[in-house]
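Asker: The structure is given below, and queries will be raised subsequently.
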Amino acid sequence: MSDRYAVFGNPIAHTLSPRIHAAFAAQTGQALTYEALLAPLGGFPEAVAAFSRAGGQGANVTVPFKEEAHALCDHLSPRAEAAGAVNTLKFAGDAIFGDNTDGVGLVNDLTGRLDLEGKRILLLGAGGAARGVVLPLLQQRPAELFIVNRTAARAEELAARFATPGVMRGGGYEALEGRRFDLVINATAASLSGDLPPLPAGVFAPGAQAYEMMYGRDTPFLAFARGEGAHGSDGLGMLVEQAAEAFFLWRGVRPKTAPVMAMLRAC
Ligand code: NDP
């Protein structure tokens with residue numbers, strides 16, 4: 001029988017993860033199945049326990065369960081601990097190991113086309129997605145990592161957790177007036193409702209990159225970035241790269257991401 005994996009979320013119907021992991025398994029010759037499972041709100045721990053009892057070996061976790069998954073784990077990777085959120089579970093007997101591969105997924109996607117060392121990075125948002133990427137971004141040694149959020153206090157709190165004086169700052173959007181960045185990452189949920197975070201004109205330095213974590217459609221953020229002369233990309237690469245890191249954690253084999261990305265873009 002094949003080893004079993006799954007992704008838990010609510011809603012979950014639109015997830016691309018089963019297709020991505022099926023493609024990784026075919027490419028690497030690994031015998032496994034990967035399914036999308038809807039966990040009821042308020043019933044996430046029970047759904048995970050039932051899957052593990054039924055022979056599940058590991059799972060991904062998506063909205064809205066990443067914080068609950070963090071609380072459920074017996075052991076955490078340093079990056080999951082720093083993020084306060086878990087997107088990858090690995091079962092070992094009765095114990096659960098939790099990791100967060102979102103941040104390394106973003107960094108692997110970005111570093112394919114941009115050296116982050118010495119760059120001025122602006123991170124928009126202070127929710128689950130933003131928290132997951134701070135440590136991996138800092139490990140790339142940027143000159144600056146500035147977090148802004150609609151609720152400024154959440155950005156200040158997040159920046160304070162990583163105590164890297166001179167590099168890391170948090171605040172509200174008004175602090176951006178007159179500032180320029182080499183990379184602006186949209187980790188807000190604004191695009192989900194067709195909104196643009198309140199960015200001032202001139203926030204992109206010449207030749208800057210804009211990264212939209214959402215994927216699958218053009219967004220007001222990407223349109224704004226283009227209008228400001230920046231190069232934009234969506235979060236599909238991050239999705240595939242975080243999946244590859246989870247696959248490596250489970251199977252010890254690192255799949256190639258470029259063919260899978262090309263397959264998804266062609267659909
Ligand atoms: P959360 O709900 O945890 O956080 C939402 C954040 O967006 C908060 O900081 C919130 O600010 C801010 N926000 C919401 N609406 C607006 C608005 N209209 N203007 C400005 N800021 C706003 O969501 P997540 O962090 O989990 O997800 C954020 C995005 O990242 C989603 O689009 C998601 O699809 C994407 N994502 C993509 C991944 C990938 O692999 N490509 C992986 C994970 C996430 P406040 O604190 O003030 O409420």
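The values are calculated or read from the model by the stated rules, or taken from the named source; none is laboratory data. Keep in mind the model is a prediction, meaning the values are calculated, not measured. No Cβ is skipped: glycine too gets one built from the backbone with ideal geometry, and neighbour counts run over all protein chains shown. For the accessible areas, the whole protein counts, side chains as well, though only heavy atoms, and no ligand, DNA or RNA atoms are used. Shrake-Rupley method; radii C 1.70, N 1.55, O 1.52, S 1.80 Å.
Asker: Go through the stretch 1-19 residue by residue and tally those that are open to solvent by less than 50 Å² (accessible area, probe 1.4 Å), of a type in the set (A, V, I, L, M, F, W, C), over 22 Å from P259 (Cβ atoms) and not in a strand (DSSP E or B).
Answerer: Of the residues in the stretch 1-19, 1 are open to solvent by less than 50 Å² (accessible area, probe 1.4 Å), of a type in the set (A, V, I, L, M, F, W, C), over 22 Å from P259 (Cβ atoms) and not in a strand (DSSP E or B).
Asker: Quick one: N108 ticks every box in (1) within 16 Å of the ligand (Cβ to nearest atom); (2) open to solvent by less than 20 Å² (accessible area, probe 1.4 Å); (3) modelled with pLDDT of 95 or more bar one, so which box is it?
Answerer: (2)
Asker: Before we move on, is P136 buried (at least 18 other Cβ atoms within 10 Å of the Cβ), in contact with a helix residue (DSSP H, G or I) (Cβ under 6 Å, 6 or more places away or on another chain) and not assigned by TED's automatic domain parsing to the domain that holds V61? Show your work before the answer.
Answerer: Details: buried (at least 18 other Cβ atoms within 10 Å of the Cβ): yes; in contact with a helix residue (DSSP H, G or I) (Cβ under 6 Å, 6 or more places away or on another chain): yes; not assigned by TED's automatic domain parsing to the domain that holds V61: yes.
Taking the combined requirement at face value, the residue satisfies it.
Asker: Which residue, of L114, L110, is part of a helix (DSSP H, G or I), touching a strand residue (DSSP E or B) at 6+ places or on another chain (Cβ under 8 Å) and farther than 21 Å from R251 by Cα? Spell out how you get there, then give the answer.
Answerer: On the way: L114 fails: part of a helix (DSSP H, G or I).
Just a single option satisfies the conditions, and that option is L110.
Asker: Restricting to the stretch 221-231, name every residue that is surrounded by 18 or more Cβ atoms within 10 Å (Cβ to Cβ) and assigned to a helix (DSSP H, G or I).
Answerer: Scanning the stretch 221-231 gives F221, L222, F224, A225.
Asker: Right, another one. Residues that are away from the ligand (no atom under 16 Å from the Cβ) and outside any helix (DSSP H, G or I): does the stretch 184-196 have at least one? It would help to see each step written out before you state the result.
Answerer: Of the stretch 184-196, the ones away from the ligand (no atom under 16 Å from the Cβ) are none.
So far as the stretch 184-196 goes, no, none of its residues is away from the ligand (no atom under 16 Å from the Cβ) and outside any helix (DSSP H, G or I).
Asker: What's the number of the only condition in (1) open to solvent by 40 Å² or more (accessible area, probe 1.4 Å); (2) within 13 Å of the ligand (Cβ to nearest atom); (3) modelled with pLDDT of 95 or more; (4) within 23 Å of D99 (Cα to Cα) that G125 fails to meet?
Answerer: So the condition that G125 fails would be (1).
Asker: Within the stretch 147-154, is there a residue that is more than 13 Å from the ligand (Cβ to nearest atom) and open to solvent by less than 70 Å² (accessible area, probe 1.4 Å)?
Answerer: no
Asker: For F51, only one of the following conditions fails: (1) closer than 16 Å to N10 by Cβ; (2) touching a residue at least 40 places away in the same chain (Cβ under 8 Å); (3) in a strand (DSSP E or B); (4) more than 16 Å from the ligand (Cβ to nearest atom). What is its number?
Answerer: Of the numbered conditions (1) closer than 16 Å to N10 by Cβ; (2) touching a residue at least 40 places away in the same chain (Cβ under 8 Å); (3) in a strand (DSSP E or B); (4) more than 16 Å from the ligand (Cβ to nearest atom), the odd one out for F51 is (3).
A quick yes/no check of all residues on (1) open to solvent by 50 Å² or more (accessible area, probe 1.4 Å); (2) under 22 Å from the mean Cα position of the chain (by Cα):
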{"site": "L176", "(1), (2)": "no, no"}
{"site": "G207", "(1), (2)": "yes, no"}
{"site": "E212", "(1), (2)": "no, yes"}
{"site": "T219", "(1), (2)": "no, yes"}
{"site": "S233", "(1), (2)": "no, yes"}
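Asker: Being modelled with pLDDT under 95, over 22 Å from M261 (Cα atoms) and surrounded by fewer than 17 Cβ atoms within 10 Å (Cβ to Cβ) narrows it down to one residue among P40, P64; which is it? Quick ask: steps written out before the conclusion?
Answerer: On the way: P40 fails: modelled with pLDDT under 95.
Of P40, P64, the one residue that is modelled with pLDDT under 95, over 22 Å from M261 (Cα atoms) and surrounded by fewer than 17 Cβ atoms within 10 Å (Cβ to Cβ) is P64.
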